[in-house]
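Working notes, beginning with the structure itself.
The values are calculated or read from the model by the stated rules, or taken from the named source; none is laboratory data. Just so we're clear, the structure is a prediction, and the values are computed from it rather than from any experiment. Using ideal geometry, Cβ is built from the backbone for each residue, glycine included, and neighbour counts are taken over all protein chains shown.
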Amino acid sequence: MRPPGFWSNPPEHPGWQAHLLAPLAALYATATARRIAAPKFDPGPPVISVGNLNVGGTGKTPMVMDLVMRLGADTHVVTRGYGGSETGPLRVKEREHSADEVGDEPLLLSAFAPTWVARDRPRGLQAATRAGARVIVLDDGHQTRGVARALSILVVDAEAGFGNGRVIPSGPLREPVATGLHRTHLVVLIGPPEARARFRAKWGEALKMPVVEATLEVLETGMDWAGLPVLAFAGIGRPEKFFATLRGLGADLLRAEPLDDHQPLSEALMKRLELEAAALGAQLVTTEKDAVRLPAGFRQKVLTLPVRLRFENTGPLDRVIKERV
């Protein structure tokens with residue numbers, strides 16, 4: 001188990017744990033570089049890769065949602081999925097598959113565009129092409145081997161940044177910053193204005209490509225959250241962001257239950273949370289991604305808080321899509 005907070009040390013002052021684990025980090029970075037350097041498969045339709053450098057969530061799924069809506073008809077999504085989906089390729093059917101079968105993110109994305117799960121990404125791209133894809137969004141594709149990309153988008157959580165700037169296990173990164181940025185055509189920087197400003201101050205000189213800034217905003221559903229007593233739970237990369245959003249909406253957050261990313265929502269877990277919420281007089285609330293993992297008997301009992309990206313300026317994004325796709 002990694003010591004709390006050691007990944008978050010600034011890159012100019014890595015913690016002692018990061019120094020100790022540096023040899024392992026170098027091996028990890030070398031393995032990643034070799035994997036990425038494999039011969040490239042071109043499926044025909046242009047491929048837009050959406051990925052990140054950090055382990056865990058940075059906002060990739062909202063970015064994929066935005067892209068498929070922006071690109072329009074015949075846009076397909078290819079992703080790896082989780083659990084039983086790690087073979088494929090399999091086209092996700094929103095009304096037939098469960099999150100246990102295909103993964104929560106693919107199930108969520110399938111409501112927006114035809115979505116394929118495949119451990120072998122080139123095979124997934126082939127399946128999407130045969131099904132008539134005009135353009136393919138490759139979810140979590142920045143470190144994927146053997147795929148030719150027309151456009152590579154790197155999503156960055158401005159609050160987390162690149163942590164201490166080091167590679168696993170010395171830090172939170174899948175590969176060195178310079179290496180990952182070298183393959184990037186556009187950076188999407190997500191977070192509050194002050195966090196975006198801090199990230200630019202620390203890493204701005206390394207960003208030689210266009211950068212678009214965005215925030216995650218709650219999708220207007222007519223729900224009045226002000227004063228609503230809630231018990232919130234979330235199994236996403238950074239659950240605290242979800243809890244902070246609820247507080248920002250004025251909800252009375254009586255209890256917050258952080259879960260592991262993609263953690264199964266078992267009947268036993270949900271029953272416990274239901275009993276705790278009843279004792280507190282609170283409403284159960286979760287994220288869109290968690291909601292697709294809910295047992296059938298709880299889907300009408302839990303409120304969902306959907307969020308979408310709001311860009312400060314979409315000009316660079318529109319231009320790079322027009323130029324490369």
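Kindly indicate whether Ser152 is under 18 Å from Val68 (Cβ atoms) and either of a type outside the set (A, V, I, L, M, F, W, C) or in a loop (DSSP other than H, G, I, E, B) (or both). Judged against the criteria, Ser152 is a match.
Among residues belonging to the range 35-49 that are modelled with pLDDT of 95 or more and either among the small types (Gly, Ala, Ser) or touching an Asp or Glu at 6+ places or on another chain (Cβ under 6 Å) (or both), point out the one that is farthest from Thr179 (Cα to Cα). Ranking the candidates gives Gly44 first. From the list Leu284, Leu317, Leu259, Leu275, the lone residue that is in the same structural domain as Met63 (by TED's automatic domain parsing), at pLDDT 95 or above and among the aliphatic types (A, V, I, L, M) is Leu317. Restricting attention to the range 225-246, the residues that are at pLDDT 95 or above and loosely packed, with under 14 Cβ neighbours inside 10 Å add up to 2. So, of the residues in the range 61-84 that are more than 16 Å from Leu151 (Cα to Cα) and among the charged types (D, E, K, R), which turns out to be modelled with the highest pLDDT? Per the stated criteria, the residue is Asp74.
Regarding Thr221, is this residue exposed (fewer than 15 other Cβ atoms within 10 Å of the Cβ) and more than 23 Å from Leu173 (Cβ to Cβ)? Step through it out loud before you land on a result.
Working: exposed (fewer than 15 other Cβ atoms within 10 Å of the Cβ): yes; more than 23 Å from Leu173 (Cβ to Cβ): yes.
The answer is yes for Thr221.
Among the residues of the range 110-155, those identified as of a type outside the set (S, T, N, Q) and within 15 Å of Gly180 (Cα to Cα) are Asp140, Gly141, His142, Arg145, Arg149, Leu151, Ile153, Leu154, Val155. Residue under question is Thr87, and the condition is that it be of a type in the set (Val, Ile, Thr), closer than 23 Å to Arg145 by Cα, at pLDDT below 95 and within 22 Å of the chain's Cα centre (by Cα); does it hold? When the stated conditions are applied, Thr87 passes them. Could you identify the single residue in Ile168, Ile153 that is β-branched (Val, Ile, Thr), over 15 Å from the mean Cα position of the chain (by Cα) and surrounded by 19 or more Cβ atoms within 10 Å (Cβ to Cβ)? Exactly one of Ile168, Ile153 is β-branched (Val, Ile, Thr), over 15 Å from the mean Cα position of the chain (by Cα) and surrounded by 19 or more Cβ atoms within 10 Å (Cβ to Cβ), namely Ile168.
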